[in-house]
Amino acid sequence: MNFSDTSMADSNRAKITANTLLAVDFFSNLGATDRAAIAERCHGTRYSAGANIVLQRDEFTDVFFIVSGDVRVIFHAQSGKEVQFRDQTAGACFGELSAIDGEPRSAEVAALTDVFVGAIKAHDFLDIATCYPAVSAKVLLQLTAMVRSLSDRVIELSTLGVPNRIHAELLRIARAHGIENNSSDITPAPTHADFANRVSTQREAVTKEFGRLVRLGVLQRSHGALCVPDVRRLEKMVRNLTDE
């Protein structure tokens, strides 16, 4: 299901409130009155795991924010190859690029889990970003982070071997899942095929390198989860571009 399937979307509608927006990064610094005014311009929809929220090249330009659940941003090349850009969790927003430039969607966004998302029309979003400096600052920070992340990936693909690309992506995922006492639990863990798509390699290469990292004590595996027990060691491997 994508957003243009109005008959199904209508049956999964949910109300957006000022409290809902408190958990959304773009709006978290606003007061209750401002959030309530913005909530009046939003609508919410629930999607089941596996559903498409937007499709690549869709022409509608709403901006979405994740209230609960996880989504994945995916690009489909003309060759049929799938490239996974990133996963996003509750509090994050997506779709702002099409809202800003009016161009079709550059990638697909699919629900990894059951998801509750809010949406706001592009013209309303741009008006809000103009009227509220706190929102425009968050938008600029997100766009900057996106550019930096994509630049890092281009450099990695151009300069690093497969093992080093795997290390760099593992570190990115560990940081996204949170680090506590120099350790990161990655649950649920991406499949080896998903991981391979992220770093432009084959599943077998990921399986081989994960096995080596386990033997080195850099990675631990159990029941669909991964653990990086010493994140600083992984950071050193990435920083020094060595296989250790």
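The values are calculated or read from the model by the stated rules, or taken from the named source; none is laboratory data. Nothing here was measured: the structure is a model prediction, and the numbers come from that model. A quick note on method: Cβ atoms are made from the backbone with ideal geometry, for glycine too, and the neighbour counts reach across all protein chains shown.
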### Some residue of segment 75-88 being loosely packed, with under 14 Cβ neighbours inside 10 Å, at pLDDT 90 or above and hydroxyl-bearing (Ser, Thr, Tyr)
no
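Residue by residue through segment 95-139, note down the ones that are of a type in the set (D, E, K, R) and touching a residue at least 12 places away in the same chain (Cβ under 8 Å). Explain how you work it out, then say what you get.
Residues of segment 95-139 of a type in the set (D, E, K, R): 96, 101, 103, 105, 108, 114, 121, 124, 127, 138.
Of everything in segment 95-139, those that are of a type in the set (D, E, K, R) and touching a residue at least 12 places away in the same chain (Cβ under 8 Å) turn out to be Glu96, Arg105, Glu108, Asp114, Lys121, Asp124, Lys138.
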### Residue satisfying all of: in segment 183-222; of a type in the set (S, T, N, Q) and within 23 Å of the chain's Cα centre (by Cα); nearest to His76 (Cα to Cα) among these
Asn197
### Task
Might you check whether a residue that is in contact with a strand residue (DSSP E or B) (Cβ under 6 Å, 6 or more places away or on another chain), within 17 Å of Thr89 (Cβ to Cβ), assigned by TED's automatic domain parsing to the domain that holds Leu126 and in a helix (DSSP H, G or I) occurs anywhere in segment 27-48?
no
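How do the strands (runs of 3 or more DSSP E) wholly within segment 107-225 filter down when requiring 1 or more residues that are surrounded by 19 or more Cβ atoms within 10 Å (Cβ to Cβ) and small (Gly, Ala, Ser): which remain?
On the way: elements: 108-111, 115-120, 184-186, 220-222.
Those strands (runs of 3 or more DSSP E) span 108-111, 115-120, 184-186.
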